[in-house]
Amino acid sequence: MDEFNILIVGVGGQGVLFISEVLGEAAIKSGLNVRVAEIHGMAQRGGSVICSVRLGKDVYSPTIDEGRAHLILSLEPIEALRQLKYANTETDFAVNMNKIAPPGIYVSGKKYPKTSLIFDRLKAVSKNILAIDALKLANEAGNPATQNTVMLGLISASKKLPINTQLLKKTIVALVKKKFQESNKIAFDLGFKSYEKSKKYASSIRRYQK
Amino acid sequence: MVKLEELITSHNGKLLLSGNEAIVRGAIEGGIKVAAAYPGTPSTEIIDTLFKISKKVGIYAEYSTNEKVALELASGAAISGARALCSMKHVGLNVASDAFITLAYTGVRGGLVIVTADDPSCWSSQNEQDNRYYARLANVPMFEPSNSQEAKEMTISAFELSEKLELPILLRTTTRISHTLGPVSLNPIKKISSHEEFVRDTERFVMVPRNALVMHDKLLKKMEKGLQISEDSPYNKIIRKESKKIGIITSGNPFNYAYEANERLGLKASILKLGMSFPLPVQQILDFIKDLKKVIVVEELEPILESEVRSISSSLKQRPIIYGKLTDNFPRNREYSTKIVMSGLSESLSLKSIPENIDLTKITSNSTPSRPPVLCPGCPHRASFYILKTTLGKRFIYCTDIGCYALGIQPPLQIGDLLICMGASLGTASGVSQTLKEPAVAIVGDSTFFHASIPALLNAVYNKHRIVVLVLDNLTTAMTGFQPHPGVELTEYEGIPIEEVAKGCGVKYVKVVDPMDIDGAQKIIKNAIALDGPSVIIMRHICSIYERRQGVRHDPYKISEKDCTDCLACIKILGCPAIHIVEERVKINDVLCCGCGLCAHICPQKAINQTE
Ligand SMILES: Cc1ncc(C[n+]2csc(CCOP(=O)(O)OP(=O)(O)O)c2C)c(N)n1
C-alpha cells in the first residue's frame, strides 16, 4: 500500500496539533493525499495527546493501525513509550528529551522512569532513534514554545519524510503569527542541523543498570 | 487551523479542512442564513467558526443556551424560509429531541440541517450513544460523510434535500470525521436567493393532536419520496471488485476501515457504501446482496444497518449469510480501526488470524505512568474543591456535573460522587438529599447552570430540597474552548448575573465569593449546609487559561529553597501541574504557574511566595 504514517504524541499544551497540521498543509501543497486525525476537548487538559498524519494515495482511514507507523515523533520521552504498539522494527523514532512528569505520579509517590529504561524499551522495538533536547534548542531560538518546530526540522533532515524541507519550513512560517516567524525559522534550522548529533545521542544512552 | 479568510473567500482550489470546517464551507456554498448551537465536542468548531465569520459572510450565528433552544431557533428560521444549520454533539440531540421529533411533523420551508456529532470511544463524552437511531425515531433522512470532502458536499445536498422534502435533515459525523483533516475541493460561492416569510398555515404548523395526526401521515408520505431519492442517490454507491461471493455494506467512517481492510486482506469484495443512510435504499441493497454468498456489515456502535439488512434480505429466496455484531464477529462498543475491521472480516470469513507485528508484552511489562487530563495550573475549580474538602470532607454526597470540574474526581482532591449528564447535579442532589434525609451538594459550572439547571433549581425551591448548589463560575464555557454564555458580559452582550437568576428562582440564601478567598468561602459553605432549604453559592473566579488568552499575566510563585522542607503538602493536597520535583527538590515551573497563590496559602512552612 502506498502510505506513510506519522504518529505525533505529547502532552496537552505542547503543540502536537500544530505539528500534525503543518505536515498536513505541507502534504497538500506537495500534491499528496492526506488524513490528519486530531483529538480535541477533554484529552487536551494536560493529558496524553495523540495525533496521526497519513500520507499516500490509498489512504482512507483517519488513524494509523497498530504496528504501522513509519515515524513516531514524540514531544516527551514516556509518551513515545505509551504508543509503542504503533511501532514495528523499522519505525523511526524522534524523541524530545524534555521530560514532563505526570502530576499524578508525585501524588501517588511514584517516580518518572529512568532515561536508560525508556530507551531500552524503545530500542527493543526499533534501533532507528533520534534523541534531542528540543527545549534547549528552542530556547536558543529565543522561544521555548518552538520545541515542536525543532522536531519538525529534525525529522525533515532524516530524508524519509516525503515532503520537501524548504516547503515544510515555509508552511510553518505561514502558519505562525508574524512575531514568532523568526524564532520558528531558527528553531527549524537548529533541529535540522542536529540530525547526526541526535542519532549519536540516542545510541549513547546506556542500558539500564539496577 | 485553516485561515478563516481562505475558508470564506476562496472560490476554487483545495484546502486542508477538518470535517467540521468542511461542513462550514458547505454551509457557505449552500447559502446558509442562520446558525445556532450549543458547543459540545466533537461538534464545537462548526459553531465556533460560523460565529467568527458571521459578520463577514452576512449570516446570523449565535451560541444558544442549550441544544433545544438552538434547534427551536433554527426551526423558526427555517420555517420562515431561511436556510439554517444547527450543530450539536450526540448527547445534545437528547436535549433537543422533544423539539426535533415533532419538527419532523411540521417540517420546514427553508433548508434545515441538523448536525449530530457522535463520539464512539467517549473521547470527550459521557456516553457513546449511536444517533443513527434518531433518524429512525423521528423518521427523517440522514447523511453520513466518510471524509471532509463528503462532509462539504453532503451539507449542500442536505440543504437541497431539506427543501425538496420540506423536512429537517440529519447530518451525522463521528469524532473521526469531525476532527480529521483532509483535502477539500472548493466550488464558487454563489449568491443563493431565498424568500424569507412566515406563511401562516395552522394545520401544518400548530401541532395539536388533530393536526399532528394529519402531519404524521404526511411525514410518512414525504419519507416514501425520501426512499426513492435514497435509491437514486449518488451517495449510495457500489465500489465494484472481482469477488462474486463476498460483499461489504458500510457507511460513514467505518467505510474507510472497510476499504483498507478489504485491500490488505486481498478479499476483492465489492463494497456498498451508504452515504445517504436513511431511509435505506432497500432495492439497491437487495440488488447488491442477491447473488452474494456472504455479506459483512461494517458499522461502529449499534447493529442498526445489520438488523435492517437482515430484515431486507428476508424477501430473498436465496439469502446470503450476513455477518456483523449479531454474529459476534464485530464489537458493539468503541470506535473501530482497520485492524478491528480486518479481524472482524477474518473471523466472519474464517480466514487465518493476522499475525502480530511485535510482541509488546515483554517490552512493556513495566507499565508507563498514566497521564490522565487534570485541572490546569491556576484553575479556580481546584480552590473550590480544596474548600469543599476542608469544610465538608466526605460527610456529604457530591453530585457533580459536566465541565472541567468533572476532573475534580482525580487524586488528590477527589470530589465527585455522582455525574450523569449536563445539569443533572441539582436534580440528583435533590433526590439524594430527600432519600438520605440530609443535605447534599450540587456542583455545577456557569455554562451548565444556564444550559439545564434552572428548572431543577426552581424545583428545589418549590419542594424545599436541602441542596447546597455550588456554581463554579469561571466566566466562560471552558471545557469546549471558551465560548460565551448568558452570564458573561462582553462588549456586545450584557451578562445576566447568576445570583440574580437564583434570587429570581426564589432561593433565599445566595452568596457570591471568590474561591481564592479560602476563609470567606469556607464560612459561607458552613452556613449553607446548616440550612433547611436550597442555597446557591457562586464561586466566581476567571478561568486561568481564559485569562491568559486575554493577555493577563500574574507573577508566578516561587518556593524558597531555604524554607521548604520538602514535606510535599502542596503536591499531595493540590496536585497542581505547575509544581514538580527537580533533583529531589520541590519546584514551581514558572512558565506553567498562573500565580493563583493557592499553594502559598496551604504551605505549612510558608515557604512559597510570589516573585516580582
Ligand atoms: C448536552 C450536552 N451538551 C454539551 C456538552 C459538552 N460540554 C461538556 S462540558 C461543557 C461546558 C461546561 O461549561 P461550564 O459548565 O461553564 O464548566 P467549565 O468547563 O467552564 O468548568 C460542554 C458544553 C455535553 N457534555 N452535553
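The values are calculated or read from the model by the stated rules, or taken from the named source; none is laboratory data. Just so it is clear, the structure is predicted and the values come from calculations on it, not from any experiment. Here the Cβ is made from the backbone with ideal geometry for all residues, glycine too, and neighbour counts use every protein chain on show.
I'd like to check something: does segment B:522-534 contain any residue that is surrounded by fewer than 18 Cβ atoms within 10 Å (Cβ to Cβ), within 16 Å of the ligand (Cβ to nearest atom) and among the hydrophobic types (A, V, I, L, M, F, W, C)? There is no residue in segment B:522-534 that is surrounded by fewer than 18 Cβ atoms within 10 Å (Cβ to Cβ), within 16 Å of the ligand (Cβ to nearest atom) and among the hydrophobic types (A, V, I, L, M, F, W, C). The single condition from (1) over 20 Å from residue B:230 (Cα atoms); (2) more than 14 Å from chain A (Cβ to nearest Cβ); (3) within 13 Å of the ligand (Cβ to nearest atom) that residue B:131 fails is (1).
For segment B:391-398, indicate whether the set of residues that are in contact (Cβ under 8 Å) with a residue 60 or more places away in the chain, assigned to a helix (DSSP H, G or I), more than 14 Å from every other protein chain (Cβ to nearest Cβ) and away from the ligand (no atom under 13 Å from the Cβ) is non-empty.
Scanning segment B:391-398 turns up at least one residue that is in contact (Cβ under 8 Å) with a residue 60 or more places away in the chain, assigned to a helix (DSSP H, G or I), more than 14 Å from every other protein chain (Cβ to nearest Cβ) and away from the ligand (no atom under 13 Å from the Cβ).
For (1) within 30 Å of residue A:34 (Cα to Cα); (2) touching a His at 6+ places or on another chain (Cβ under 7 Å); (3) buried (at least 24 other Cβ atoms within 10 Å of the Cβ); (4) among the charged types (D, E, K, R), each residue gets a yes or a no:
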site: B:240; (1), (2), (3), (4): yes, no, no, yes
site: B:244; (1), (2), (3), (4): no, no, no, yes
site: B:276; (1), (2), (3), (4): yes, no, yes, no
site: B:293; (1), (2), (3), (4): no, no, no, yes
site: B:298; (1), (2), (3), (4): yes, no, yes, no
site: B:310; (1), (2), (3), (4): no, no, no, yes
site: B:314; (1), (2), (3), (4): no, no, no, no
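Just so you know, in segment B:430-460 the residues that are of a type in the set (Val, Ile, Thr) and assigned to a strand (DSSP E or B) include one that is surrounded by the fewest Cβ atoms within 10 Å (Cβ to Cβ), and it is B:441. Among the residues of segment B:497-519, what is the count of those that are farther than 14 Å from residue B:384 by Cα and touching a residue at least 40 places away in the same chain (Cβ under 8 Å)? Total meeting the criteria: 6. Against the numbered list (1) farther than 21 Å from residue B:493 by Cα; (2) β-branched (Val, Ile, Thr); (3) buried (at least 19 other Cβ atoms within 10 Å of the Cβ), residue B:44 comes up short only at (1). Selection of segment A:5-51 for residues being more than 9 Å from chain B (Cβ to nearest Cβ) and in a strand (DSSP E or B) yields A:5, A:6, A:7, A:8, A:9, A:10, A:49, A:50, A:51.
Among the criteria (1) over 17 Å from the mean Cα position of the chain (by Cα); (2) closer than 28 Å to residue A:86 by Cβ, the one residue A:165 does not fulfil is (1). Candidates in segment B:62-109 are the residues that are assigned to a loop (DSSP other than H, G, I, E, B) and at negative phi; of these, the one that is farthest from the ligand (Cβ to nearest atom) is B:109. Do the conditions hold for residue B:112, that is, is it within 16 Å of the ligand (Cβ to nearest atom), assigned by TED's automatic domain parsing to the domain that holds residue B:168 and at pLDDT 95 or above? No, not satisfied.
Taking strands (runs of 3 or more DSSP E) as the structural unit, those lying wholly within segment B:552-612 and holding at least 2 residues that are more than 9 Å from every other protein chain (Cβ to nearest Cβ), in contact (Cβ under 8 Å) with a residue 24 or more places away in the chain and surrounded by 14 or more Cβ atoms within 10 Å (Cβ to Cβ) correspond to B:557-559, B:585-588, B:608-610. Going through segment A:127-160 one residue at a time, which ones are in contact with a strand residue (DSSP E or B) (Cβ under 9 Å, 6 or more places away or on another chain), at pLDDT 95 or above and either outside any helix (DSSP H, G or I) or not aliphatic (A, V, I, L, M) (or both)? Hits for segment A:127-160 are A:128, A:129, A:130, A:131, A:132, A:133, A:147, A:148. Screening segment B:405-446 for residues that are touching a Gly at 6+ places or on another chain (Cβ under 7 Å) and more than 27 Å from residue A:108 (Cα to Cα) and picking the one that is nearest to the ligand (Cβ to nearest atom) gives B:445. State whether the residues of segment A:182-196 include one that is at negative phi, at pLDDT below 95 and among the charged types (D, E, K, R). Within segment A:182-196 (the criterion being at negative phi, at pLDDT below 95 and among the charged types (D, E, K, R)), the answer is no, since none of the residues qualifies.
Restricting attention to strands (runs of 3 or more DSSP E) lying wholly within segment B:155-267, give those where 2 or more residues are in contact with a Leu (Cβ under 7 Å, 6 or more places away or on another chain), in contact (Cβ under 8 Å) with a residue 12 or more places away in the chain and away from chain A (no Cβ under 14 Å). Give the steps one after another, and end with the answer.
Working: elements: B:169-174, B:180-185, B:236-239, B:246-251.
Of the strands (runs of 3 or more DSSP E) lying wholly inside segment B:155-267, those with at least 2 residues that are in contact with a Leu (Cβ under 7 Å, 6 or more places away or on another chain), in contact (Cβ under 8 Å) with a residue 12 or more places away in the chain and away from chain A (no Cβ under 14 Å) span B:236-239, B:246-251.
Could you say whether any residue in segment B:461-482 is surrounded by fewer than 21 Cβ atoms within 10 Å (Cβ to Cβ), within 15 Å of the ligand (Cβ to nearest atom) and assigned to a loop (DSSP other than H, G, I, E, B)? Steps first, please.
First, the residues of segment B:461-482 that are surrounded by fewer than 21 Cβ atoms within 10 Å (Cβ to Cβ): B:461-464, B:481-482.
Then drop every residue that is not within 15 Å of the ligand (Cβ to nearest atom), which leaves B:481-482.
Right, trim to assigned to a loop (DSSP other than H, G, I, E, B) and you get B:481-482.
Yes: segment B:461-482 contains one or more residues that are surrounded by fewer than 21 Cβ atoms within 10 Å (Cβ to Cβ), within 15 Å of the ligand (Cβ to nearest atom) and assigned to a loop (DSSP other than H, G, I, E, B).
Comparison of B:104, B:22, B:84 shows that the only residue that is more than 14 Å from chain A (Cβ to nearest Cβ), crowded, with 20+ Cβ neighbours inside 10 Å, closer than 27 Å to residue B:190 by Cβ and not hydroxyl-bearing (Ser, Thr, Tyr) is B:84.
Condition (residue is crowded, with 22+ Cβ neighbours inside 10 Å and in a loop (DSSP other than H, G, I, E, B)) applied to segment B:352-373: is it met by at least one residue?
Pass one, segment B:352-373, residues crowded, with 22+ Cβ neighbours inside 10 Å: B:371.
If we keep only those that are in a loop (DSSP other than H, G, I, E, B) too, we end up with B:371.
For segment B:352-373, residues crowded, with 22+ Cβ neighbours inside 10 Å and in a loop (DSSP other than H, G, I, E, B): present.
Looking at segment A:54-83, which of the residues that are assigned to a strand (DSSP E or B) and over 22 Å from residue A:127 (Cα atoms) is farthest from the chain's Cα centre (by Cα)? Break it down into steps so the answer makes sense when it comes.
Looking only at segment A:54-83, we keep the residues that are assigned to a strand (DSSP E or B), and these are A:54-55, A:71-74.
Imposing the further condition that a residue be over 22 Å from residue A:127 (Cα atoms) reduces the set to A:54-55.
Values: A:54: 14, A:55: 16 Å.
In this case the residue turns out to be A:55.
Within segment B:38-83, work out how many residues are more than 15 Å from residue B:95 (Cβ to Cβ) and over 15 Å from the mean Cα position of the chain (by Cα). Adding up the residues that qualify gives 22. Scanning segment A:85-105 for residues that are within 14 Å of residue A:205 (Cβ to Cβ) and within 12 Å of another protein chain (Cβ to nearest Cβ) turns up just one, A:99. Of everything in segment B:278-291 that is in contact (Cβ under 8 Å) with a residue 12 or more places away in the chain and either in the same structural domain as residue B:154 (by TED's automatic domain parsing) or out of contact with any helix residue (DSSP H, G or I) (no Cβ under 8 Å at 6 or more places or on another chain) (or both), the residue that is surrounded by the fewest Cβ atoms within 10 Å (Cβ to Cβ) is B:291. For segment A:84-97, the set of residues classified as surrounded by fewer than 22 Cβ atoms within 10 Å (Cβ to Cβ), in contact with a strand residue (DSSP E or B) (Cβ under 9 Å, 6 or more places away or on another chain) and in a loop (DSSP other than H, G, I, E, B) consists of A:97 only.
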